[in-house]
Amino acid sequence: MKRLLYLIPFCITSLGATIVIDSSVQKAEVFSVDSAGSKKSLGFTPLKLDKNPKSSLVVEVIGHAPTHILLASDVETADLKVELKPIHEWAPKHMQKAVAAMADKALDRIVHSQALLDERKIAQAKPLIESLMNDYPSSLAVKILYGNMLALSGNKKEAINYYRAVSKNINDQDEELKVLIDRILKALERRPASND
């Protein structure tokens, strides 16, 4: 999905002391993007930034085309409402096959990583899952996979805290995922303390 980021329209605004970013789909993740293309999560919409991150920003949510924001420094405050278009409405027809192929590759990586976790090959799964987290930081499937790795590694408290943070930021439209994470949390909380 990274390659798609450069094909979308840019939203240009000014930034001084405060910027508020909201989006048409709530709880979209906002990242700062440095000159090398590395992304760092700043939080979820609606988001208030008190200082200029001195980088471009990208707003992402599953199933929607990401939107870049270019920042300037000539105003004190700015309120942005980012319109996130569903991928099927945004992607040109010739792009849809490429998007589907990338999704298939990502899914293959997720399934392979989960298979390694199922076989308790945590050391082999860890670099694959960390790579997925880097490539798809806003993917709920990848976040759940990362939580599974923490839990199976014996990091019960860390896994519980991680899943709670993920659940808190799930879009209201993804109620089934919230239910799934709640079930995972209940199972983890029932585990004996010796698994910590």
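The values are calculated or read from the model by the stated rules, or taken from the named source; none is laboratory data. It should be emphasised that the depicted structure is a prediction, and the values quoted were computed from it without experimental measurement. Glycine gets a Cβ as well: all are built from the backbone with ideal geometry, and neighbour counts include every protein chain shown. Only protein heavy atoms, including side chains, enter the accessible area calculation; ligands, DNA and RNA are left aside. Shrake-Rupley method; radii C 1.70, N 1.55, O 1.52, S 1.80 Å.
Protection proxy ranking of 138-147, 158-167, 121-130, by the mean of other Cβ atoms within 10 Å over each peptide's residues and highest first, is 138-147, 158-167, 121-130. Residue separation of residue 83 and residue 26 scaled by 0.36 nm, minus their Cα-Cα distance, works out to 19.5 nm of gained length.
Classify segment 134-196: rounded, prolate or oblate, from the alpha-carbon gyration tensor (a ≥ b ≥ c, eigenvalue square roots; a/c under 1.5 rounded; otherwise prolate if a/b is larger than b/c)? Oblate, because a/c is 1.5 or more while a/b does not exceed b/c.
FRET efficiency for the residue 189 to residue 100 pair, using the beta carbon distance and R₀ = 45 Å, is estimated at 0.75. In order along segment 108-115, the phi-based Karplus estimate (6.51 cos²θ - 1.76 cosθ + 1.60, θ = phi - 60°) of 3J(HN,Hα) comes to 4, 5, 5, 4, 4, 5, 5, 4 Hz; Gly and Pro are listed as x. What segment 108-155 shows is 48 Å² of accessible area per residue, with the surface traced by a 1.4 Å probe over protein heavy atoms. Label-to-label distance for residue 112 and residue 164 is 3.5 nm, based on points extended 7 Å past Cα in the beta-carbon direction. In the assembled protein chains, residue 29 presents an accessible area of approximately 10 Å² (probe radius 1.4 Å). Taking segment 159-184 and a reference point 7 angstrom along Cα→Cβ of residue 122, the backbone N atoms nearer than 17 Å belong to 159-163.
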